[in-house]
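The values are calculated or read from the model by the stated rules, or taken from the named source; none is laboratory data. What you are looking at is a predicted structure, and each value in this text was computed from that prediction instead of being measured. Counting neighbours? That spans all protein chains shown, and the Cβs are built from the backbone with ideal geometry, glycine included.
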Amino acid sequence: MTEPQPSGSIRFYFSFRSPYAWLAAERLESQLGDLGVPIERIPIFPTPGLFPNDPSALPEKQAYIGQDIPRLAREQGLAVRFPPSTDTDWPTPHAAFLGADQQGAGQAFMLEVFRKRFSEGLDVGDDAVIADAARRADLDPDAILAAARSSELRARTSDAWRLGVERDGIFGVPSFVFADRLYWGQDRMHFLRAAVIRKSSASVS
């Protein structure tokens, strides 16, 4: 007999700019993948006018992130190498992800791009970096580069930010939404897991 599945889905909002989203992505499957709930991975990168919390505008926050991420990454056994600059062609990797996700390889490609940026310190807006991430995720690099250049897919990453704000009240990444509840931060994933389990238990009692 098939086990009853919890209703609803998890929306995971992420940006390749955020090292905290990287840490969440690395644990996404281990923390949430066994719960029987679909996970919708939503890449967002708002235009500057829409972004209320740009860390590059706050040197003190940037300095703190430089201390915080290595210690958090060590807990997960991850190596850190920050890229030389926070600036890149941000729509490119996010649109490329949408192309990979359409081919059913969103999780694998997402991890490869995050690792290129935060473990190898590379520019993930560069075509060669995107192509290598695609190959490592067993995808056709040319198809993923075509997705990266798609004006429709590039626009969707900004539209996704607007939709996330309006629909779910997000204000940063990583953000998770389940059963109309928002969980912000990679250190809130255990609360999300508990909520899914509670909902699952209630649905079969």
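Kindly provide the set of residues from segment 14-45 that are touching a helix residue (DSSP H, G or I) at 6+ places or on another chain (Cβ under 8 Å) and not hydrophobic (A, V, I, L, M, F, W, C), ordered by number.
Answer for segment 14-45, where residues must be touching a helix residue (DSSP H, G or I) at 6+ places or on another chain (Cβ under 8 Å) and not hydrophobic (A, V, I, L, M, F, W, C): SER15, PRO19, TYR20, GLU26, ARG27, GLU29, GLN31, GLY36, ARG41, PRO43.
Filter segment 157-184 down to the residues that are part of a helix (DSSP H, G or I) and in contact with a strand residue (DSSP E or B) (Cβ under 6 Å, 6 or more places away or on another chain), then identify the one that is surrounded by the fewest Cβ atoms within 10 Å (Cβ to Cβ).
Only one residue tops the list, namely ASP168.
Within segment 10-31, which residues are exposed (fewer than 15 other Cβ atoms within 10 Å of the Cβ) and modelled with pLDDT under 95?
none
Which residue pairs have Cβ atoms under 7 Å apart, sit 6 or more places apart or on different chains, and have a first residue in segment 111-140 that is among the hydroxyl-bearing types (Ser, Thr, Tyr) and a second that is assigned to a loop (DSSP other than H, G, I, E, B)?
SER119/LEU78; SER119/ALA79; SER119/VAL80; SER119/ARG81
So GLY104 passes all but one of these: (1) within 18 Å of ARG136 (Cα to Cα); (2) in contact (Cβ under 8 Å) with a residue 40 or more places away in the chain; (3) small (Gly, Ala, Ser). Which condition number does it fail?
Of the numbered conditions (1) within 18 Å of ARG136 (Cα to Cα); (2) in contact (Cβ under 8 Å) with a residue 40 or more places away in the chain; (3) small (Gly, Ala, Ser), the odd one out for GLY104 is (2).
Return the only residue of ILE42, ILE69 being of a type in the set (A, V, I, L, M), at pLDDT 95 or above and part of a strand (DSSP E or B).
ILE42
Check ALA128 against each of (1) modelled with pLDDT of 95 or more; (2) within 24 Å of ARG27 (Cα to Cα); (3) of a type in the set (Gly, Ala, Ser) and name the one condition it does not meet.
(2)
Just one of the numbered conditions (1) among the acidic types (Asp, Glu); (2) farther than 17 Å from SER18 by Cα; (3) surrounded by 14 or more Cβ atoms within 10 Å (Cβ to Cβ) is not true of GLU112; which one?
(2)
Those residues that are surrounded by 17 or more Cβ atoms within 10 Å (Cβ to Cβ) and either closer than 14 Å to THR157 by Cα or at pLDDT 95 or above (or both), I need them from segment 81-102; list them, please.
Those that are surrounded by 17 or more Cβ atoms within 10 Å (Cβ to Cβ) and either closer than 14 Å to THR157 by Cα or at pLDDT 95 or above (or both): TRP90, PRO91, THR92, PRO93, HIS94, ALA95, ALA96, PHE97, LEU98, GLY99, ALA100, ASP101.
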